[in-house]
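One structure is given below, encoded as structure tokens.
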Amino acid sequence: MECTSSVYLPTFHMGSSIFLWLFLIFSVIFSPVSAKHSVTWTYGVNYGRIANNLPQPESVVTLLKAAKINHIRIYDADHGVLQAFKGSGIEIIIGLPNEYLKEISIGEDRAMNWVQENVQAFLPDTRIRGIAVGNEILGGTTIELWEVLLPAAKNVYSALYRLGLQHTVEVSSPHSEAVFANSFPPSACIFRPDVAPFMKPLLEFFSQIGSPFYINAYPFLAYKNDPQHIDINYALFKDNRGIYDAKTKLHYDNMFEAQVDAAYAALDKAGFNKMQVIVSETSWASRGDPDEAGANVKNARTYNRNLRKLLAKKKGTPFRPKMVIKAYVFALFNENLKPGPTSERNFGLFKPDGSIAYDVGFTGLVPSAAPPSILVSFKEIAGQGWLRWSYLLVSTAWAVVLL
């Protein structure tokens, strides 16, 4: 929500830049996040925490509100995080981690205990709006989890239903591109033959309860795996010839929308042509190993800036023009303890101190150009409370006006 204010800004010369900077921070402090469950949002961020250098959750709330990011996903149901987001108005999808699926699938009582402890206990002040049951299960290497995904999802939904929360908290499960047999051109996309027997009943259940299809779509991974045959401009939303899908007679000028429409095509063939696709993860790595083509700051900035512009238009894809694209960017911070190639640890939009990792249109919590003498540290603001610091900022601002 845009910040509005009726504060009169007097005209003056000396100290004007300082006053304007203080006014902006003051506006951020008291800028409310809409408490209404928005149906028109398009941009969210994944808040991963596999790291040992991240700010406290209370500071993260401050950062998100400063950036006007009102939708996030986390990969667990950490109580410290959920408590920190109390009263923030930021809408959260929490995660039921993969390691809990077998236990939750056994009986509704176990699902009920989990939902009561991790969802009901924090509502309504913490705006939990969804539960992601597992992450990238189907198509993955742990085959035994394929069989328990649907029972776990059903038990979680049953618990929500019995608690009267089924219309407040959505149940879903994000997938990777590994669930598809092929995705080029988009109209040719189908689910893998070995995945389909597990995917179709899951989709039937999600269709019954009104849940969307979540997909992790990464043009970066596609380009990294085949840089010789993929135009990087096509992957980065830059000017290019694009591709033409002869079956649908549709033209695509970026890979992101092609990947989303590939998911729609697979859903169509499976009999779910009314199900919405939401991108649960997408981004571009700012650093990578020597064999990870395209992983650098310039490309990460270009991809995420252009993605944000695309989502801000609140439009659909070529194949589903009336279905507004929604996506969660991965991720809020670099996660220095994540295993795997270097790229896995370099997807963050922000640094742990709240400053931007690179410019995609956010300003971060504290502008780097602000005078050092009046900069207030990220940790001090979150740790000592807004009341004291808002008083300090207002006092300082008026002192500047009187100079």
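The values are calculated or read from the model by the stated rules, or taken from the named source; none is laboratory data. Quick caveat, the model's predicted, so the values are computed rather than measured. Heads up, the Cβs are rebuilt from the backbone with ideal geometry, glycines too, and the neighbour counts pull from every protein chain shown. These area figures cover heavy atoms from the full protein model, side chains too; ligands, DNA and RNA do not enter into them. Shrake-Rupley method; radii C 1.70, N 1.55, O 1.52, S 1.80 Å.
Pull up segment 345-363, narrow it to residues that are part of a loop (DSSP other than H, G, I, E, B) and free of Cβ contacts under 8 Å to residues at least 60 places away in the same chain, then point me to the one that is least open to solvent (accessible area, probe 1.4 Å).
Only one residue tops the list, namely V360.
Which condition from (1) touching an Asp or Glu at 6+ places or on another chain (Cβ under 7 Å); (2) open to solvent by less than 20 Å² (accessible area, probe 1.4 Å) is the one that F206 breaks?
(1)
Considering segment 274-302 alone, what residues qualify as being in a loop (DSSP other than H, G, I, E, B), without any contact (Cβ under 8 Å) to a residue 24 or more places away in the chain and under 23 Å from F362 (Cα atoms)?
N296
Among the listed residues R320, R308, R287, which satisfies the condition of being under 30 Å from T248 (Cβ atoms), of a type outside the set (S, T, N, Q), at pLDDT 95 or above and open to solvent by 70 Å² or more (accessible area, probe 1.4 Å)?
After ruling out the rest, the residue left standing is R308.
Got at least one residue in segment 113-124 being closer than 24 Å to K86 by Cα and in contact (Cβ under 8 Å) with a residue 60 or more places away in the chain?
no
I'd like the residue in segment 223-263 that is in a helix (DSSP H, G or I) and out of contact with any Ser or Thr (no Cβ under 9 Å at 6 or more places or on another chain) and, out of all such residues, is most open to solvent (accessible area, probe 1.4 Å).
Across segment 223-263, the extreme among qualifying residues is N225.
Counting just the residues of segment 55-112 that are aromatic (F, W, Y) and open to solvent by 10 Å² or more (accessible area, probe 1.4 Å), which one comes out farthest from the chain's Cα centre (by Cα)? If you could, list the steps in order and put the result at the bottom.
Keep residues of segment 55-112 that are aromatic (F, W, Y), which gives 75, 85, 100.
Within this subset, residues satisfying the condition of being open to solvent by 10 Å² or more (accessible area, probe 1.4 Å) are 75, 100.
Values: Y75: 11, Y100: 22 Å.
Looking at residues that are aromatic (F, W, Y) and open to solvent by 10 Å² or more (accessible area, probe 1.4 Å), I get Y100.
With the requirement that a residue be buried (at least 18 other Cβ atoms within 10 Å of the Cβ) and of a type in the set (G, A, S), what does segment 158-187 give you?
A159, S172, S173, S176, S183, S187
Cβ contacts < 7 Å: first residue in contact (Cβ under 8 Å) with a residue 24 or more places away in the chain, restricted to segment 95-110; second residue surrounded by fewer than 18 Cβ atoms within 10 Å (Cβ to Cβ) and of a type in the set (S, T, N, Q), any location; separation 6+ or different chain. Result?
If the second residue must be surrounded by fewer than 18 Cβ atoms within 10 Å (Cβ to Cβ) and of a type in the set (S, T, N, Q), the pairs left are E108/S158.
If I ask for residues that are within 14 Å of Q166 (Cα to Cα) and either open to solvent by 20 Å² or more (accessible area, probe 1.4 Å) or among the small types (G, A, S) (or both), which ones from segment 113-126 would you list?
Answer for segment 113-126, where residues must be within 14 Å of Q166 (Cα to Cα) and either open to solvent by 20 Å² or more (accessible area, probe 1.4 Å) or among the small types (G, A, S) (or both): Q116, Q120, L123, P124.
I'd like the residue in segment 106-124 that is in contact with a Ser or Thr (Cβ under 9 Å, 6 or more places away or on another chain) and not hydrophobic (A, V, I, L, M, F, W, C) and, out of all such residues, is modelled with the highest pLDDT.
By that ranking, first place goes to P124.
Within segment 158-205, track down each residue that is small (G, A, S) and free of Cβ contacts under 8 Å to residues at least 24 places away in the same chain.
The answer is G164, A181.
From the set of residues in segment 264-273 that are in a helix (DSSP H, G or I) and small (G, A, S), which is farthest from P227 (Cα to Cα)?
A270
Can you tell me how many residues within segment 98-130 are among the β-branched types (V, I, T), within 16 Å of V171 (Cβ to Cβ) and out of contact with any helix residue (DSSP H, G or I) (no Cβ under 6 Å at 6 or more places or on another chain)?
Just the residues of segment 98-130 that are among the β-branched types (V, I, T), to begin with: 104, 106, 115, 119, 126, 128.
So of that shortlist, the ones also within 16 Å of V171 (Cβ to Cβ) come out as 104, 115, 119, 128.
Next, only the ones that are out of contact with any helix residue (DSSP H, G or I) (no Cβ under 6 Å at 6 or more places or on another chain) stay: 119.
The total comes to 1.
Any residue at all in segment 268-282 that's of a type in the set (F, W, Y), within 21 Å of P174 (Cβ to Cβ), in contact with a strand residue (DSSP E or B) (Cβ under 8 Å, 6 or more places away or on another chain) and buried (at least 23 other Cβ atoms within 10 Å of the Cβ)? Walk me through it before giving the result.
First, pick out the residues of segment 268-282 that are of a type in the set (F, W, Y): 272.
From what's left, within 21 Å of P174 (Cβ to Cβ): 272.
Keeping just the survivors that are in contact with a strand residue (DSSP E or B) (Cβ under 8 Å, 6 or more places away or on another chain) gives 272.
Restricting the remaining residues to those that are buried (at least 23 other Cβ atoms within 10 Å of the Cβ) gives none.
No, that holds for no residue.
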